[in-house]
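The values are calculated or read from the model by the stated rules, or taken from the named source; none is laboratory data. Model, not experiment: these values are computed from the prediction. Please note: Cβ atoms are built from the backbone with ideal geometry, for glycine as well, and neighbour counts cover all protein chains shown.
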Amino acid sequence: MADSGPSLAPPPHAHPVDVKVLRLSKPSLVLADAVDSPPLPTGELSVPKVTGSVCVGEKFVCLISVSNRVHEDIKVQLTTEVLTPTQQRARTAQSHDARKTLAPGETLDVTTSFEPSQVGGHALVLHISYETTTETRSIRKTFKFESLMALNTRVRTMSTSKGPSIVEVQIENILDTTLIINACDLKAVGGWSIKGVADPLPVPILRPRDVFQYCFVANGGESRELGNLSVKWAREPLGIEGFSPLGVVRL
């Protein structure tokens, strides 16, 4: 008698709810590449290119949809959290209460966001619990994304006994895509008065490994702490703005 082989396992339990995760990003302006000058944005829109990763200083935003795919009402509840590279659990910001009774074919849509502070692999973890007339169960799903560092900064200060103090800030694009520097700000502390030497127009658009330098003049203070340095940037024209607080600049 021939061996019939191992019996087939029963099919997995089919959940009555369907769960989808969609990364949300702003559209981008196409950049026109130039030979001897930085690329400039055109008037054409394109699909954003940042769907696979997020930078430290950016906000990761996604839409979570939980839909009822059976012919009865279902009570559902959604909670979200993020596992960081150090396996710590971090809370996310949700647009509204994620608890609802869904009629057949109805969908619960929730927008959630998270601002990573570490470089490395992250995981958005979804916990969905549901209740039907016959059972109460839960689903756990994960959405993995990578967090990168967008820029590198070098700060040099120069001071004299009588004249003003000078602060030079060099910003380097360490991504493999363009980086747009929208603002570099040095907010004075300790009685200092700080003014930028010049605001670049148009805003700097840095190719990978390009460096741009800002200069500030500080007067009137006595503390060794000059001010708090920060940079506002974006990876694409009209894209999600990133913010990098870089700490206190000292003499």
For the condition farther than 15 Å from H15 by Cα, in contact with a Cys (Cβ under 9 Å, 6 or more places away or on another chain) and outside the structural domain of I174 (by TED's automatic domain parsing), what is the one hit in S117, S53, S113? S113
Given the options G163, G220, G242, G190, name the one that is of a type in the set (G, A, S), at pLDDT below 90 and touching a Phe, Trp or Tyr at 6+ places or on another chain (Cβ under 9 Å). G220
Determine whether L206 is in the same structural domain as V155 (by TED's automatic domain parsing) and buried (at least 20 other Cβ atoms within 10 Å of the Cβ). yes
Scanning for something surrounded by 15 or more Cβ atoms within 10 Å (Cβ to Cβ) and either of a type in the set (F, W, Y) or under 14 Å from the mean Cα position of the chain (by Cα) (or both), does region 157-172 turn up at least one residue? no
Here the residues within region 187-233 that are in contact with a Gly (Cβ under 6 Å, 6 or more places away or on another chain), farther than 16 Å from S159 by Cα and assigned to a strand (DSSP E or B) are K187, W233
Within region 68-109, the residues that are closer than 19 Å to L24 by Cα and at pLDDT 90 or above are L78, T79, T80, E81, V82, T107, L108, D109
Is it the case, given these coordinates, that E146 is out of contact with any Cys (no Cβ under 9 Å at 6 or more places or on another chain) and either surrounded by 15 or more Cβ atoms within 10 Å (Cβ to Cβ) or among the aromatic types (F, W, Y) (or both)? no
Looking at I194, I240, which is the one that is under 29 Å from the mean Cα position of the chain (by Cα) and of a type in the set (A, V, I, L, M)? I240
Sort out which residues of region 128-186 are in a strand (DSSP E or B), under 30 Å from V70 (Cβ atoms) and of a type in the set (D, E), and write them in order of number. E131
